[in-house]
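Enquirer: This is the structure, below, for whatever I ask next.
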Amino acid sequence: MRTCLVVDDSKVVRTVAQRIVRELDFETRESINGLEALESCRKSMPDVVLLDWNMPVMNGIEFLRELRTSPGGERPKVIFCTTETDAKCIEEAITAGADEYVMKPFDTEIIRGKFAQVGLL
Amino acid sequence: MKPEDFDLIAGIVKSKSGLVLGKDKTYLVTSRLTPVARKHKLADLSALVSALRLRREGELVHDVVEAMTTNETSFFRDLKPFDAFRDVVLPYMVSSRQKQKKLRIWCAACSTGQEPYSLAILLREQGGALANWRFDIVATDLNGAVLERARSGRYTQFEVQRGMPAKLLVKYFRKVDNDWQLNPEIRSAVTFREQNLLGNIGAVGRFDVIFCRNVLIYFDPSTKERVIKSLEGVLEEDGALFLGGAESTVGIRSNLKPVKNVRGCYARADNFVTQFAPAIPQRVLNSRALV
């Protein structure tokens with residue numbers, strides 16, 4: 001079964017996101033910040049990362065840049081999932097290597113749609 | 001709601017729009033027509049029905065029919081029809097219309113405009129090869145209120161996230177307050193018109209490609225046949241019709257047949273089906289990429 005790593009410092013968001021992703025037939029793991037997520041990825045690359053932007057220790061953009069330069073780090077699809085809604089943030093995320101971008105709040109349909117757009121469904 | 005009141009409303013809606021309201025839709029009639037009653041200063045739904053009994057034409061009837069239409073849509077809805085348009089239909093049309101360099105596309109029952117705008121963006125993304133082509137995208141709906149929204153090209157955050165890839169969002173939209181608005185170039189690529197599919201659709205002209213998706217599911221068999229025949233009448237000989245995933249021309253007397261391996265695409269049997277279908281690339285069948 002394919003794996004999704006949910007990275008968010010909010011327990012509520014991690015819980016809701018993982019419930020949605022499991023409905024899409026993905027196993028889930030979770031991390032509470034970018035650094036923890038990076039360690040998780042280095043142990044085992046997930047198929048997709050659902051990634052918050054603003055987190056303590058290491059934020060989403062820093063994580064993404066590190067991930068994309070790590071061995072095998074180009075492989076996971078990365079979908080930002082954040083309250084940042086400015087076009088500039090979206091452009092920055094795409095430039096850093098994000099495959100898609102979700103603006104919170106989200107629902108099952110939006111997540112499903114983004115997974116389909118990046119070829120996961 | 002009394003059964004006879006429901007029957008009256010269902011009868012009016014069907015005769016004006018073709019939309020069939022089953023008895024299980026009583027809740028929908030109540031929830032959607034209560035605001036209409038309020039707008040027309042009628043005390044309740046009984047008063048609305050009494051007014052409809054007195055007068056079967058006019059603004060009240062128009063508002064009732066508009067309120068009962070379903071306006072569900074999203075950008076690049078279902079993905080695959082857009083892949084098929086880009087990878088199968090468009091290359092054929094471009095090669096067969098090299099002289100005119102013109103393509104006419106009709107989005108029938110376009111609701112708030114996401115489908116025609118998706119096509120306008122898709123065509124724009126094809127870049128230089130089609131730079132000197134003229135694309136006429138006509139989008140129609142019987143609901144004037146949704147057309148007004150469509151013309152504005154302004155969508156909520158929720159709406160743009162349903163189907164619009166992030167790269168295209170930042171390329172073709174700008175943020176206005178909490179909404180996102182399409183740039184003038186894409187907005188001007190689509191002409192919106194109020195048009196009832198049960199009316200004289202000949203007035204909209206002839207088309208190379210017609211999208212009429214997720215509309216027929218709301219019609220009974222005879223209305224479905226009537227609409228398909230009308231669409232066939234304005235479709236060019238080698239044109240293509242896209243229907244929704246749950247719709248087909250099966251059981252309908254029509255010359256439009258499914259294009260092999262391109263789900264939802266229909267064409268006259270002696271054109272697309274025999275000449276073109278064998279050339280459909282395998283990648284289309286597996287393709288997920290939008291543009």
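The values are calculated or read from the model by the stated rules, or taken from the named source; none is laboratory data. Keep in mind that what you see is a predicted model, and the values were worked out from it rather than measured. Ideal geometry is used to build each Cβ from the backbone, glycine not excepted, and the neighbour counts take in all protein chains shown. Each accessible area value is taken on the protein alone, full model and side chains, heavy atoms only, with ligands, DNA and RNA left out. Shrake-Rupley method; radii C 1.70, N 1.55, O 1.52, S 1.80 Å.
Enquirer: Enumerate cysteines in chain B without a disulfide-compatible partner, where compatibility requires another Cys Cβ under 4.7 angstrom.
Expert: B:Cys212, B:Cys265
Enquirer: Dimensions of the stretch A:3-114 along principal axes (Cα, Å, largest first)?
Expert: That works out to 31, 31, 24 Å along the principal axes.
Enquirer: Still on this structure, I have one more. Taking a 18 Å limit on the Cα-Cα distance, which of the listed pairs A:Lys11/A:Lys104; A:Lys114/B:Lys175; A:Lys104/B:Lys175; B:Lys229/B:Lys257; A:Lys88/B:Lys175; B:Lys102/B:Lys224 fall beyond it?
Expert: From A:Lys11/A:Lys104; A:Lys114/B:Lys175; A:Lys104/B:Lys175; B:Lys229/B:Lys257; A:Lys88/B:Lys175; B:Lys102/B:Lys224, over 18 Å: A:Lys114/B:Lys175; B:Lys102/B:Lys224.
Enquirer: Run through the DSSP bridge list for the stretch B:140-259 and note the antiparallel percent, rounded to the nearest 5.
Expert: 45
Enquirer: Looking at the stretch B:63-219 only, what percent of DSSP beta bridges run antiparallel? Nearest 5 please.
Expert: Taking every DSSP beta bridge within the stretch B:63-219, about 30 percent pair in antiparallel fashion.
Enquirer: Hand me the trypsin sites (Lys or Arg not before Pro) from the stretch B:1-67 located in a DSSP loop with no more than 11 other Cβ atoms within 10 Å, in residue order please.
Expert: Answer in residue order: B:Lys41, B:Arg55.
Enquirer: Hey, can you find the accessible area per residue of the stretch B:3-68 for me, probe 1.4 Å, expressed in square angstrom?
Expert: That works out to 53 Å² per residue.
Enquirer: Still on this structure: Under 10 °C and 1.306 mPa s, how fast does the stretch B:176-227 diffuse according to Stokes-Einstein, given a Kirkwood radius computed over C-alpha pairs? Answer in µm²/s, whole number.
Expert: Estimated diffusion coefficient is 112 µm²/s.
Enquirer: Follow-up question, since we're still on this one. So, with a 1.4 angstrom probe, what is the percent of accessible area on the stretch B:80-286 that is carbon and sulfur?
Expert: Ligands and nucleic acids excluded, carbon and sulfur reach 49 percent.
Enquirer: A further question follows. Rounded, prolate or oblate, given the Cα gyration tensor of the stretch B:75-165, with a/c below 1.5 counting as rounded?
Expert: Prolate, since a/c reaches 1.5 and a/b exceeds b/c.
Enquirer: Please give the helix B:59-68 orientation as an angle from the longest Cα principal axis of chain B, in degrees from 0 to 90, rounded to the nearest 10.
Expert: 60
Enquirer: Additional query: Of the accessible area of the stretch A:1-51, with the probe set at 1.4 angstrom, what percent is carbon plus sulfur?
Expert: The C+S portion of the solvent-accessible surface of the stretch A:1-51 is 48 percent.
Enquirer: Now a separate question. Note the full-extension length gain between A:Arg2 and A:Arg42 as 0.36 nm times their separation in residues minus their Cα-Cα distance, in nm to one decimal.
Expert: Gain in length upon complete extension: 12.8 nm.
Enquirer: Next question, about the same structure. Could you list log10 I(q)/I(0) for the protein assembly as shown at q = 0.07 Å⁻¹, which the Debye formula gives when each Cα is one point scatterer?
Expert: -0.40
Enquirer: How long are the three semi-axes of the equivalent ellipsoid for chain B, computed from the Cα gyration tensor as the root of 5 times each eigenvalue, in whole Å, largest first?
Expert: Those come to 35, 23, 16 Å.
Enquirer: State, in square angstrom and to the nearest 100, the accessible area buried between chains A and B, both chains counted, probe radius 1.4 Å.
Expert: 1600
Enquirer: Still on this model: Charges at C-beta only: +1 for Lys and Arg, -1 for Asp and Glu. How large is the resulting dipole of chain B about its Cα centre, in Debye rounded to 20?
Expert: Charge dipole of chain B: 500 debye, to the nearest 20.
Enquirer: Averaged across the residues of B:75-82, what count of C-beta atoms belonging to other chains lies within 10 Å of each residue's C-beta?
Expert: Per residue, the average neighbour count from other chains is 1.
Enquirer: Is it possible to state the helix-based mean residue ellipticity at 222 nm for the protein assembly as shown, with each DSSP H run of 4+ residues giving -39500 (n - 2.57), the sum divided by total residues, to the nearest 500 deg cm²/dmol? What is it?
Expert: Roughly -11500 deg cm²/dmol at 222 nm, from the helical runs in the protein assembly as shown.
Enquirer: Take the stretch B:3-68, drop everything but the C-alpha atoms, weight them equally and run the Debye formula without solvent; then report log10 I(q)/I(0) at 0.22 Å⁻¹ to two decimals.
Expert: -0.87
Enquirer: Provide the descending list of Cα extents for the stretch B:156-262 along its principal axes, expressed in whole angstroms.
Expert: Sorted largest first, the three principal extents are 49, 29, 26 Å.
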